[in-house]
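The values are calculated or read from the model by the stated rules, or taken from the named source; none is laboratory data. Note that the coordinates shown come from a computational prediction; the quantities given were computed from them, not determined experimentally. Ideal geometry is used to build each Cβ from the backbone, glycine not excepted, and the neighbour counts take in all protein chains shown.
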Amino acid sequence: MSTAAPKRRGIFTGLAAIEDGTIIRAAFFAMLAGTAAVLYLDYGELTAADVAGVAMPSIPVLPAFNPDNPMLPGGPVVTTDPELLRQPLSIALGPGGVLSLTGSIDPGSFERVQAEIEARGEYIKQVDLNSPGGSVIDAVKIGALMVVGEYTTSVAPGALCASSCPLIFAGGKQRLASLQSAIGVHQIYAMATAGDLPAGLSGVGNAMSEAQQTTAIITRYLNTTAVDPAMWLHALETPPTQLYYLSRDELTEYRLVTRFTD
């Protein structure tokens, strides 16, 4: 106890000394939540239990959009065909230099988008998003392409930009949306197969460690954009089976939307 307590105090003192308060706030809250969960679980029950519900693979992804229950009360109406949203991310360059990204952000989406930009990037002016989300890492990397290319990003009326999709949207130099655009976030969720599942307390610790690392990646990435990273606090607070739809005031407050098109 006498050795552990000073170490813990040293860790928290070091965190408090970091000046980048916006990043630390989100990451620190996630760390506290994860630590509290471990302390709450009884070790004996944990080692004997099926850990499928808490296991995570090394690259976290988010659950697919549920077309049978797409909305929470008061959310915008999504008019896109649910079957289209279920499909792997499609990439299409249309008139006026509008690059459309439609469907789920599957692992490997970044490489496909990067190849399209490298091939025809000089024609691209705007990136139109319609996605239920998916791979967080791919979304962050695609968002970084938006930052570097200084593209405008947009979400059309009736379109969905949920889960990890807002991370791409945040990378736009100009970020356009309608009052009828559905933009929402929720917690990171991991899809794991039986072979991926770690066992016992170490498995839970690894899962939480990866979730915290991913949260740090997200908040650092948002700090490179003009978007307030505090926006992601709504994701941390919302279960992965739900979506927190950002209101017009919140989209403005967090600077996620620079101009509404209606």
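Starting from segment 92-119, keep only residues that are more than 21 Å from residue 156 (Cα to Cα), then list their pairs with residues that are basic (Lys, Arg) and part of a helix (DSSP H, G or I) whose Cβ atoms are within a distance under 7 Å, requiring at least 6 positions of separation or different chains.
110/141
Return a yes/no flag: does segment 117-138 have any residue that is charged (D, E, K, R), crowded, with 18+ Cβ neighbours inside 10 Å, modelled with pLDDT of 95 or more and more than 16 Å from the chain's Cα centre (by Cα).
Yes, segment 117-138 has at least one match.
Any residue in segment 218-232 that is in contact (Cβ under 8 Å) with a residue 60 or more places away in the chain and farther than 22 Å from residue 146 by Cβ?
Within segment 218-232 (the criterion being in contact (Cβ under 8 Å) with a residue 60 or more places away in the chain and farther than 22 Å from residue 146 by Cβ), the answer is no, since none of the residues qualifies.
Restricting segment 186-211 to residues that are in a loop (DSSP other than H, G, I, E, B) and either among the hydroxyl-bearing types (Ser, Thr, Tyr) or modelled with pLDDT under 50 (or both), which is farthest from residue 143 (Cα to Cα)?
199
Considering each residue of segment 238-256, count those that are at pLDDT below 90 and either in a helix (DSSP H, G or I) or exposed (fewer than 13 other Cβ atoms within 10 Å of the Cβ) (or both), and give that number.
Result for segment 238-256: 2.
If I ask for residues that are free of Cβ contacts under 8 Å to residues at least 40 places away in the same chain, of a type in the set (A, V, I, L, M) and outside any strand (DSSP E or B), which ones from segment 142-185 would you list?
If the condition is that a residue be free of Cβ contacts under 8 Å to residues at least 40 places away in the same chain, of a type in the set (A, V, I, L, M) and outside any strand (DSSP E or B), then 145, 146, 148, 156 are the ones that fit.
Residues being hydrophobic (A, V, I, L, M, F, W, C), closer than 15 Å to residue 146 by Cα and in a strand (DSSP E or B): count how many of those fall in segment 94-116.
Number satisfying all stated conditions: 3.
Please go through (1) within 20 Å of residue 177 (Cβ to Cβ); (2) hydroxyl-bearing (Ser, Thr, Tyr); (3) surrounded by fewer than 17 Cβ atoms within 10 Å (Cβ to Cβ) for residue 221 and return the number of the only condition it doesn't satisfy.
Of everything listed in (1) within 20 Å of residue 177 (Cβ to Cβ); (2) hydroxyl-bearing (Ser, Thr, Tyr); (3) surrounded by fewer than 17 Cβ atoms within 10 Å (Cβ to Cβ), residue 221 misses just condition (3).
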